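Heads up, the thing below is written out as structure tokens.
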Amino acid sequence: MCVSQWTGYRGPVSPALPLLLLPLLLSFFSSTPPLAQGAISIPENYKVHNMSEPPELTALPESYTAFSHEDINLPCEATGYPTPTFRWVKDGEAFGSEREGFGTLRAQNEEETLDSYGGYYRCYASNTLGTAMTLSVHLVVEPQPVLLKQQRVNKKAHEGDSMILACNPPNSSTPPHIHWMDKRMVHIQLNDRVMVGLDGNLYFSNVIKTDSRRDYFCNAQYTAARTVLPLPGVSLTVMQSNDLVHGKKPDFFQPVGSHSSVQALRSRSVVLECLPKGLPTPKVEWKKKDGSLEETSGRVDSDSHGRWFRFDSIEQNDDGEYECVASNNHGSVSHSFSLTVEALPYWVKESQSLRYAPGETVRLDCQAEGIPTPKITWSINGELLSDVDDDPRRSVSGGVMILRDVVFADTAVYQCVASNKHGSILLNIYLYVVELPPQILTSDAKVYKFTEGGSVVMDCESFGSPRPHITWEGEDRLPLLSDPRVALLTNGSIIVSDVSHEDSGEYSCSIKHSNISISAHLEVYNQTVILNGPQDVRVLRGTSALLDCVFQKDPRLIKYQIVWKKAEHKMQESSPDDKHTIFDNGTLKVTNIQSDDSARYSCEVITALGSVTASGSITVVARPDPPEGLSLSDVADHSLTLSWNPGKTHNSPIIEFIVEAREEQHTEQGRWRWEEWKRVPGEFNHLELTLHPYCTYRFRVFAVNEIGRSDASHFSDHHKTPPAVPDRNPSGVRSESTDPKTMIITWDEMDKRFHSGEGFKYHVSWRGGSDAQWNHADVATPPYVINDTGTYTPFEIKVQAVNDVGGAPTPEPEIGYSGEDEPQEAPTNVSTKVMDSTVIVKWKEAQNVRGLLLGYKIYLQRLGPHGGRVRRSLGKQHQEREDKLERPRERDREVVVRGMKNSEEVTGLRLYSSYELSVAAFNSKGEGPRSPPHHFSTPQGAPGPPASLMLESPSEKSMKLYWSPPKETNGILQGYVVQYQEDLDNSLLHMKYIDDPTVTDFELDSLDPSSHYIFKVIASTILEGPPITKKGATALDGVAPSHINIVPSNTSLNLTWVHGKRFRNHGFIIRYRRKSPGCDWLESEVLNSTQGFYSLKGLLPGSEYQLMINDTQWENSTRTIGTAPSVMPGGFAARGWLIGLIAAILLLVLILLILCLIKRSKGGKYAVKDKEDKEGDSEARPMKDETFGEYSDADEKRSESQPSLCGESKLGSDDSLAEYGDSVDIQFNEDGSFIGQYSNRGPAPPGHESSGPASPDNGVPPPPIAPSMSTILDRPS
């Protein structure tokens, strides 16, 4: 895989690059200076020493005039290596000796005459690689200008005459600059009347008296000769004239005649001159006869007061016909110029001096233009091509020379000369065929960082002549051109398109057939991607907007920058209090948005490897501005057209306009009210309105867009309509009679806006009963009362609106009735049909209702259970007769049936019950008499669930269930069904049938102590009812705690433990002793395993104690807090005060012991709250947790006062539970708590629905601190 480093290499062509690489290639070549095809340029970093260079001229001589030996200076300098030598040729002959290093020609011998230096010169600069030469230049020599002796000139003229003051300086090849001055060397004041011509003369268009003076001096300045010659002065005398009033027609001093031809050379300065004369002073105007002056490069010279038309650098398209016209009030004169523009030769295409490699084909361009067309001649090293041997590899065609397969011998300086009649131009072009050793110019081990998906350019710039061939390889040492994504540039660089992370790694570039190579490392990064860029948002004016710029970048790119732009202008980051805030995550917040915030916003994320941009917009929307310019047009009696001009929409088009009106004539000013008249689509700006007569209106308009409604427009002018007859009658004509034999006619009073004129009133008409004629009355307001009409008698009624202009159209009559009275008769034929708890009641329509029938009322009363009023309660059957036990009567149930229905379905009756009902009709005046009582009964049905269910576990394998009968038996109770099954999926269901309805408990045996069960009890009559359900498990035998936590204090140890779930209560004793010689074991009182806490008090501070339960189950040692008591100094008996204190304490302890013995002899009882409901039919109520036995404060105080054998108190209670033994029965109440009874419990006595209160024989232990095990045994379903 090879590539040439040479620009324009025309050898083997690499594969075509993908189109996506074209911009990169164009960018590369556009950054390189344009070279001739096949030329080489030595890079600055190419290491080469003392390289030969052909001569290249840097200073050239020009033709000029010399006035002395010092003026002779013809420059000729050149660069090159080896250093060039210079020689001169004068008039075709060698002039002077050849010189090395410099070639400027100066006069060396002043003894030679100045004339001997005049002639045509050419310079040649040469070294081993070629010869460059200059054009032939003309050196003109002449003596310094000298002023010849001249006589002073005196001129005379009359006022108004034209005058020329001549200036005749000595002739020279360099014309002088003319300055007219006075004797004080002050310039003569020039104006449109007094001018200096191009010939140096001073022209007066007309003279005036003040022009008379004797010191007009012409000064000729010869710049090249550095000389100024003052010519003899001129005296001008102006004489008075009487002919000034006649004036003089314009004419020209210069030019002469009416036409002249002017020839000019391109790019030179040209001046067209018109100097007029006449009285008064003529004005000069310039024209282009075949075009416009503005299209030319010329201008009217203001310094010449319009007398000159100047071309500073004339162009080819400036040729043509020009005309100047001089005019005054006596006439005009004109002169035309034919301007022809020709040109010296000038280059249009010229080759550069370049280096080439052997074997290249070189084209030298030397193309010139000019008028006339120039002739091209070629030379090689200063010799005409015609004088050089022919070479078949060389061909010349006009201004093009082609050299094929160049070799080092073709190295030379080639000259081409373009000439026409106006002059010549010359071009030196050297062609250097060079050989240089190859080098790689790119630094080694260069690292390239690019993002995936892009194109990578890895450099391997090389140079040499002949051109070196470059190869690229990857880490696998395979040529890279096998990958279609890879392409090589002519400078040796490699391009990899669509790079991925797999392209990361080392690459090597080497020159073929050499050991020269470099390496390059490519790192491919993830692309920076904007995941959530700014959106196009519409924002309400005055609010805030957030534009997101959520992006993802390669984590190796640490530094990045987020740049926000508004309308392509960068936004500066600001503090949170300013209008624009850029947060750390890139989000832009714009606060207090106004209309000028509407713009395109772009977010640019910039990293070291490039940038990515996303854009969105903010469109500020707001409520529209109110409409403007309300006007009334097309005004008629009762109509007009309202027009308006929409306000600004604020980027949200107007959806509709709301027209509102306010009537001001018939309302007090403080109560004027705007009413919406009509809504008009947003594309309309007018509305035709129909108005009410005899009203005064004002109008306003709102504009509505999607944001909201605008403020109201300014009000329109007032508009008042004339009166007319009413166009409508009142609505809602009806009778609202309340009293019998009276009819009240009323209606909806009309708004004053509809009165349509003055003198408004209501014309009321009615007829009915025995009266066939209409009766009339006029009233101002409703209602109107008519007496003696009978009860609920129909009438035809109507009300008409009338004013002073006339009446409204005659209305259609309505039917009204006189006042009602209560119904007189009850419904008949009442019957019932019973279906379970529903009864269908039917009756015959009531007669003589005396009003509008509104409906019926059904009155129901439950008389009691069906069949002898026998109740079963708590397993005991008894008879209750009404004369022995009076129960409160159930409240009547009232069912309202509205309308004309003659039947109704009544639901929600109680089963197995006796009822009676009656029916009454009602109207607006009230309710009529009830129908006679009608009796019916409901059948038996399924009972409700048992009222309560409690669980009690006598042993680990048995459970006893206690329940109470249902609250609603709905029939004769026949028995119960007990169901139980393990609380597992698909477990077997066991059922026990109890045919005796008096039984309310049942014991289940052979249960699994390790399982939980679901227990259900179902009551049954002729049907089975729903069950009551509880979950529970049997209770396990209790054990003493196996682990106790001890928290010591100064004189006590606080003991806590966790009672095992499902275990029965268990009594145990804690034995303890002080670890000190002579101390015996002591015992606590009997503790309850469920209490969870015990405080062992009366201990000595700072002492170690040993504790155990029942000798073997648990044992531990601990120490109390504090300092151990020290031994008292001296004898005990010597401390009298201490003896007295101890005696007092012993006396107090003795008194407490006596009190405790007296209490025990009377039989102590634990306070247990009795929760049994004494009412015979109430359900059993369970005891709560607080019914456990409670400790007495006296017990604890008594235990603390007992003396110890080791100087410490023995903790214990005389009320020990040890006497109760280890057997404990536990009963569970309904809420899941339990009552521990420390005696065998028999079945509940008949008539009792609870487990009964605690007795002296059923001692209850203190309440447990640990969680109640009944929460596990007796979980509610």
*How many of the residues in region 651-676 are small (Gly, Ala, Ser) and modelled with pLDDT under 90?*
1
*asked:* Looking at PHE795, PHE760, can you tell me which residue is within 21 Å of GLU663 (Cβ to Cβ) and among the aromatic types (Phe, Trp, Tyr)?
replied: PHE760
*Pull up region 311-333, narrow it to residues that are over 17 Å from ASP192 (Cα atoms) and assigned to a strand (DSSP E or B), then point me to the one that is most open to solvent (accessible area, probe 1.4 Å).*
GLU321
_Search result, residues across region 693-715 that are surrounded by fewer than 20 Cβ atoms within 10 Å (Cβ to Cβ) and either touching an Asp or Glu at 6+ places or on another chain (Cβ under 7 Å) or within 18 Å of TRP672 (Cα to Cα) (or both)_ = THR696, ARG698, VAL704, ALA712, HIS714, PHE715
*Residue in region 424-452 that is farthest from THR377 (Cα to Cα), counting only those that are open to solvent by 40 Å² or more (accessible area, probe 1.4 Å) and under 52 Å from the mean Cα position of the chain (by Cα)*: GLU452
_Scope region 584-593; condition open to solvent by less than 70 Å² (accessible area, probe 1.4 Å) and in a loop (DSSP other than H, G, I, E, B); matching residues_ = GLY586, THR587, THR591, ILE593
*Regarding ALA343, is this residue in contact with an Asp or Glu (Cβ under 8 Å, 6 or more places away or on another chain), assigned to a strand (DSSP E or B) and either open to solvent by 30 Å² or more (accessible area, probe 1.4 Å) or farther than 24 Å from VAL433 by Cβ (or both)?*
yes
*asked:* Name the single residue that is farthest from ARG541 (Cα to Cα) among those in region 594-638 being open to solvent by less than 30 Å² (accessible area, probe 1.4 Å) and hydrophobic (A, V, I, L, M, F, W, C).
replied: VAL605
*Say we look at region 665-683 and pick out the residues that are acidic (Asp, Glu) and over 13 Å from PHE699 (Cα atoms); which of these is least open to solvent (accessible area, probe 1.4 Å)?*
GLU668
*Kindly provide the set of residues from region 289-310 that are surrounded by fewer than 19 Cβ atoms within 10 Å (Cβ to Cβ) and either among the basic types (Lys, Arg) or within 60 Å of the chain's Cα centre (by Cα) (or both), ordered by number.*
LYS289, GLU294, GLU295, SER297, ARG299, ARG310
*Looking for whichever is open to solvent by less than 40 Å² (accessible area, probe 1.4 Å) and either free of Cβ contacts under 8 Å to residues at least 40 places away in the same chain or more than 30 Å from ASN73 (Cα to Cα) (or both) here; the options are ASP192, ASP243, ASP199, ASP215. Which one fits?*
ASP215
*So which residues in region 466-487 are assigned to a strand (DSSP E or B) and at pLDDT below 85, if there are any at all?*
PRO479
*asked:* List pairs: first residue in region 388-413 and over 18 Å from ASN428 (Cα atoms), second residue among the hydroxyl-bearing types (Ser, Thr, Tyr) and open to solvent by less than 40 Å² (accessible area, probe 1.4 Å) anywhere in the structure, Cβ distance under 8 angstrom, at least six positions apart or on different chains.
replied: VAL406/TYR356
*Can you tell me which residues in region 1012-1022 are modelled with pLDDT of 90 or more and either open to solvent by 40 Å² or more (accessible area, probe 1.4 Å) or assigned to a loop (DSSP other than H, G, I, E, B) (or both)?*
HIS1012, LYS1016, THR1021
*Filter region 771-801 for residues that are open to solvent by 30 Å² or more (accessible area, probe 1.4 Å), part of a strand (DSSP E or B) and in contact (Cβ under 8 Å) with a residue 24 or more places away in the chain and give the result.*
ASP778, TYR784, VAL785, ASN787, PRO794, GLU796, LYS798, GLN800
*Go through region 368-423 and give me each residue that's open to solvent by 50 Å² or more (accessible area, probe 1.4 Å) and of a type in the set (Phe, Trp, Tyr).*
PHE408
_When you scan region 979-992, do you find a residue that is assigned to a loop (DSSP other than H, G, I, E, B) and in contact (Cβ under 8 Å) with a residue 60 or more places away in the chain, even just one?_
no
*asked:* Given (1) touching a residue at least 40 places away in the same chain (Cβ under 8 Å); (2) open to solvent by less than 30 Å² (accessible area, probe 1.4 Å), identify the lone condition not met by GLN824.
replied: (2)
*Residues of region 728-766 being in a loop (DSSP other than H, G, I, E, B), open to solvent by less than 40 Å² (accessible area, probe 1.4 Å), at pLDDT below 90 and within 25 Å of SER924 (Cβ to Cβ), which ones?*
SER737
*Consider VAL348 carefully, then state whether it is farther than 12 Å from LEU272 by Cβ, among the hydrophobic types (A, V, I, L, M, F, W, C), assigned to a strand (DSSP E or B) and open to solvent by 30 Å² or more (accessible area, probe 1.4 Å).*
yes
_Complete set of residues in region 1040-1087 that are among the basic types (Lys, Arg) and within 21 Å of GLU1104 (Cα to Cα)_ = ARG1071, ARG1073, ARG1074, LYS1075
*Scan (1) touching a His at 6+ places or on another chain (Cβ under 8 Å); (2) open to solvent by less than 20 Å² (accessible area, probe 1.4 Å); (3) of a type outside the set (Gly, Ala, Ser) for the single condition TYR980 breaks and write down its number.*
(2)
*Output the strands (runs of 3 or more DSSP E) that fall wholly within region 893-973 and possess 3 or more residues being of a type outside the set (Val, Ile, Thr) and over 21 Å from ASP996 (Cα atoms), or say none.*
893-898, 903-906, 913-923, 934-937, 946-955
*Hey, can you tell me all the residues within region 558-583 that are open to solvent by less than 50 Å² (accessible area, probe 1.4 Å), of a type in the set (A, V, I, L, M) and either more than 30 Å from TYR525 (Cβ to Cβ) or at pLDDT 90 or above (or both)?*
ILE562, VAL563
*For region 675-692, does any single residue satisfy the condition of being within 30 Å of VAL537 (Cα to Cα), touching a His at 6+ places or on another chain (Cβ under 8 Å) and not in a strand (DSSP E or B)?*
no
*asked:* So if I check each of PRO466, PRO479, which one is of a type outside the set (A, V, I, L, M, F, W, C), out of contact with any strand residue (DSSP E or B) (no Cβ under 7 Å at 6 or more places or on another chain) and at negative phi?
replied: PRO466
*Of the residues LEU279, LEU244, LEU265, which single one is at pLDDT below 95, touching a helix residue (DSSP H, G or I) at 6+ places or on another chain (Cβ under 9 Å) and of a type in the set (A, V, I, L, M)?*
LEU279
*Considering only region 808-821, how many residues are open to solvent by less than 40 Å² (accessible area, probe 1.4 Å) and over 19 Å from GLU736 (Cα atoms)?*
2
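The values are calculated or read from the model by the stated rules, or taken from the named source; none is laboratory data. The structure presented is a predicted model; accordingly, all values stated were derived computationally and were not measured. Neighbour counts run over all protein chains shown; Cβ positions are idealised from the backbone, glycine included. These accessible areas exclude ligands, DNA and RNA; they are computed on the full protein's heavy atoms, side chains included. Shrake-Rupley method; radii C 1.70, N 1.55, O 1.52, S 1.80 Å.
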